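The values are calculated or read from the model by the stated rules, or taken from the named source; none is laboratory data. This is a predicted model, so every value here is computed, not measured. Using ideal geometry, Cβ is built from the backbone for each residue, glycine included, and neighbour counts are taken over all protein chains shown. Note: areas computed on protein heavy atoms with side chains; ligands, DNA, RNA excluded. Shrake-Rupley method; radii C 1.70, N 1.55, O 1.52, S 1.80 Å.
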Amino acid sequence: MNKLYIVFILILLASCKDEIPPIKADQTIPFTPDSQTTISSFVDSVCYLKLENVEDAFISHIDKVIFQGDKIFIGDLRVHKVVVYDTNGIFQYALDKKGRGPEEYLDLKSFTADSSYIYIIDNFKGSLQAYDIANGKFAFSRKMPFVAWDLAPLKNGGFAFCFSSFIGGKLRHEQPNYRLFFTDKELKITHKLFPYAEGDYDALGKDYYFSATENYLVYNWSVSDYFFLIDRNNVDSVYSVQMDFGKHKIPDHLKRNKEIVNNERYNYLYSTPILNGNYIAFDISEEDYYTCYLYNRSTRQMVGNSMDDSFNCMPFPDACDEKGRYVYIFRNKATYDDLVSDGFLPATDDIEQHLEDGLALVYYTMKSTLI
């Protein structure tokens, strides 16, 4: 299959909560890495961009990265902050408005952006806070009809939201037992997908559940071997893809056991896959670590990084930019030094110096022709 044809699948909503309809895959990708080819074979070029280092840009973790227009948004959900740069790496502003005021948020569970606004999920206030994308100034707030962990914009002005229950978790208000909600721009629910039974929960959480391309959302929940492509122009069109992990697949009855999930040698999708034209980047759990793999949709090859050197190797990317490049952010110079000592393309002297106390992006331009 040279293209992923997005087809409509009807999710039957059972009247009894214990009778959850099974998910059926429209495509299955075998997890059989090609031992003769590596990710570097599909990388055309690598280049660096340093991000301006100013006091207001300080963050301790990078939990979510998105590109929108001429801006880069980096979210540190632990300190409830989003730092915004332009695509030249120049600091624009920081959205850092935690507080009890009407223009502030008590919680920053996740964020997204469209051409006009940055949107913040504040589950404590039960609201969606919107800020002007140009300067971060408060624009408006809307009451949310549910608790959500992540969100992404649709083409009609509406949104996709997702939720997963966790062991011991309690909600202040009841909400429908679904993993995925679609709303209009006023947050009125228009569609609900993927029902779950009472008492069902995920063993692990995630920083983000959606990744996006121009026309599609990629959605995946925790400890899963499925992901879904959703047409941003028509949410009735959903395409399911299953990763076939063979004997290393987690049995369904063990997916709620956090200790087994963390310690046993099972494979699962640790992060939401990131789609980029002819490629899909995966972050796959293997034993007690997570590994980046790349799937070439034309050749149907699953490839990993070389075990011998780091030439053009690719950590699992933080995002894909609007030019179709995978993007990884170096958090510290130690990681950079380790890769360069093992064969990765070194940066210029000024970027190396910048990495002592700043951040730098690495852009991966992928080969568009078959090799």
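For the stretch 74-82, the condition of being open to solvent by 60 Å² or more (accessible area, probe 1.4 Å), at pLDDT 95 or above and part of a loop (DSSP other than H, G, I, E, B) holds for none of the residues. State all residues of the stretch 31-45 that are open to solvent by less than 70 Å² (accessible area, probe 1.4 Å) and of a type outside the set (A, V, I, L, M); if no residue qualifies, say none. The answer is Phe31, Pro33, Asp34, Thr37, Thr38, Ser40, Ser41, Phe42, Ser45. The strands (runs of 3 or more DSSP E) found wholly in the stretch 148-218 and carrying at least 3 residues that are open to solvent by less than 10 Å² (accessible area, probe 1.4 Å) and of a type outside the set (Val, Ile, Thr) occupy 150-153, 159-162, 178-183. Restricted to the stretch 55-73, and to residues there that are surrounded by fewer than 21 Cβ atoms within 10 Å (Cβ to Cβ) and aromatic (Phe, Trp, Tyr), the residue that is nearest to the chain's Cα centre (by Cα) is Phe67. Just one residue in the set Tyr85, Tyr93, Tyr48 is surrounded by 21 or more Cβ atoms within 10 Å (Cβ to Cβ), in contact with a strand residue (DSSP E or B) (Cβ under 7 Å, 6 or more places away or on another chain) and not in a loop (DSSP other than H, G, I, E, B); that residue is Tyr85. Of all residues in the stretch 103-146, those that are closer than 22 Å to Leu217 by Cβ, open to solvent by 30 Å² or more (accessible area, probe 1.4 Å) and either outside any strand (DSSP E or B) or at pLDDT below 95 (or both) total 5.
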